[in-house]
1. From the list A171, A208, A184, which residue is farther than 30 Å from L274 by Cβ and outside any helix (DSSP H, G or I)?
2. Suppose we filter region 101-118 for residues that are in a helix (DSSP H, G or I) and surrounded by 16 or more Cβ atoms within 10 Å (Cβ to Cβ); how many remain?
3. Take the residues of region 154-168 that are in a loop (DSSP other than H, G, I, E, B) and not charged (D, E, K, R): which is nearest to A137 (Cα to Cα)?
4. Of all residues being modelled with pLDDT of 90 or more and closer than 23 Å to S349 by Cβ in region 184-210, which is nearest to the chain's Cα centre (by Cα)? Just the residue, please.
5. List pairs: first residue in region 92-115 and under 17 Å from A137 (Cα atoms), second residue β-branched (V, I, T) and assigned to a strand (DSSP E or B) anywhere in the structure, Cβ distance under 9 angstrom, at least six positions apart or on different chains.
6. Since A393 meets every condition but one in (1) out of contact with any strand residue (DSSP E or B) (no Cβ under 6 Å at 6 or more places or on another chain); (2) surrounded by 13 or more Cβ atoms within 10 Å (Cβ to Cβ); (3) small (G, A, S), which condition does it not meet?
7. Only residues in region 208-221 that are touching a residue at least 60 places away in the same chain (Cβ under 8 Å) count as the first member; pair them with residues that are charged (D, E, K, R), Cβ under 6 angstrom, at least 6 apart or cross-chain, and list the lot.
Amino acid sequence: MASMETLFAQAMAHAETDRQIEEIGARLTLTPAQQEAADALLNGLLRSRVMEFRAHNGMGRTAVLQQVCAAKHGTYLGVKSLVDAWMVHAWSGLERATHDLFDQALSATDLLVIDDLHLIVNIVDHYNYTLGKLFEAVLGALLARMAPSQRLIVGVTSEGAPDCISRASQAVNLFEFESADLEALFSKLLGPKAAGLDFAKIHRFAPALTAAASKKACLWMRMEESVTTESLIEYLSSLNLASNVELEEVQPVTWADLRGIDDVVQALETKIALPFENDALATELNLKPKRGVLLAGPPGTGKTTVGRALAHRLKGKFFLIDGTLVAGTECFYTKLNRIVRAAKQNAPSIIFIDDADVIFENESERGFYRYLLTLLDGMESASAERVCVMLTAMNVSSLPVALLRSGRIELWLEMRLPDNAARESIVSERLVGLPAPFDLVDAAAIAEAARGMTGADLKAMVEDAKLLFAGDRSRDKAVRPVEEYFFEALRNIRLNKSLYARRKPGTLADEVRVGFKTE
């Protein structure tokens, strides 16, 4: 958890960011969704003394509140006003500074607008903050101080305001834009360059695009000679702002790296990739990716390779849950909630749960099981219907029965061992570019001898054969026919596999995982 000093610094940085954004925002009219929120707030003031405006960061909360404030000739207190007041009273007098600021403003207006209230709440709700609930008492005193004719609006994130405000208020929400909102933003900022952009397609690709992110994109694209729908989407893809995967850390792979499972590749292409990438067909036929997908098969058959390929292909719409998020730990559900929330906001998207059977082998981990069932049932929000949950498993029997019932896992794909042709293709590919005598290896003979080997086993065999050959060369030993090194490597791999099979399987506590391999 961040320290109080860090939260305080974030509030100050937010004040500077607000000033920069307001330089652009001051020249903008509100989008349709923002104007609808502003109208709802104005209408709400006729019926309620306290209004709560909830909006995700970057959605234009400040622009909406400033317009409402100007329309009613009220007093606006943003984060800059709060930070300035804190500086006068120093860090230890936060409540006093805030109380005096609110009290002074309320004495001079019938409408007080307090923006970014959540920034103060983040500080005073910190576990190390010594004054506990004192700030909520300050807010309570503010409400008690208000005359019947006075009105209060607070601006917060989707988490909402403190209880004393929420109990007394009516809420107006602004959590997402429609294509018309993007058209209004881009047309104002890009001018004639926005003509011809397919905003429905842009919105489908980036439904969680905020006003702030749109402004940043426009500032960048404004330098281009021309802007097309494809170039804008490519720029948004390059930002990779949503995915929790650092793509440069993930080995670049494609469907071509999956050999001998053409039916699986075809199913992934048609039922997963197509709804993401073919916007025309997806819009015409209302296509959605499969809600639940299971990739089942022995270790080394390419399950994680599918994840790598999808991560590179879908970029910001790919979200990974693997062994780096240790189930049952204190921060597991915090990270899990963050990942799922981001996936919903960027739907259609994929949540890729690698080695799900390892997680569920821990019978005490029931919370994640229930969480996943709820997600697959689409009960939490409409956006969950556009999220594809893809699980990989070596041992399907370790997965909960209820998870596999019809309607939750809609697509079951078997990641099987490569056949002879696929093994020969894998071996031949690994030999490309190697010097003599490896360039003359009989790949067909090696593939025939490697029956029962996985793709990972074959890659390990080639690497081990090279090491054995290099060992003889380094010791000035007579070099054997090159195929013998491959056969020896195969024998060693089979021996290791047989020894592993005799070992009693470990518990979840024994498992060590590091997520996607980078090499």
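The values are calculated or read from the model by the stated rules, or taken from the named source; none is laboratory data. Predicted model, so just to flag it, every value in this text is computed and none were measured. Quick reminder, even Gly has a Cβ in these numbers, built from the backbone with ideal geometry, and neighbours come from all protein chains shown.
1. On the way: A208 fails: farther than 30 Å from L274 by Cβ; A184 fails: outside any helix (DSSP H, G or I).
Step by step, each of A171, A208, A184 is checked, and only A171 is farther than 30 Å from L274 by Cβ and outside any helix (DSSP H, G or I).
2. 6
3. Filtering region 154-168 down to residues in a loop (DSSP other than H, G, I, E, B) leaves 157-162, 167-168.
Among the residues that remain, those that are also not charged (D, E, K, R) are: 157-158, 160-162, 168.
Working: T157: 21, S158: 22, G160: 17, A161: 14, P162: 10, A168: 14 Å.
Ranking the qualifying residues of region 154-168, first place goes to P162.
4. F199
5. Close Cβ pairs (under 9 Å, with a partner that is β-branched (V, I, T) and assigned to a strand (DSSP E or B)) amount to F102/I114; L106/T75; I114/I153; I114/V154.
6. (1)
7. Qualifying pairs under 6 Å: none.
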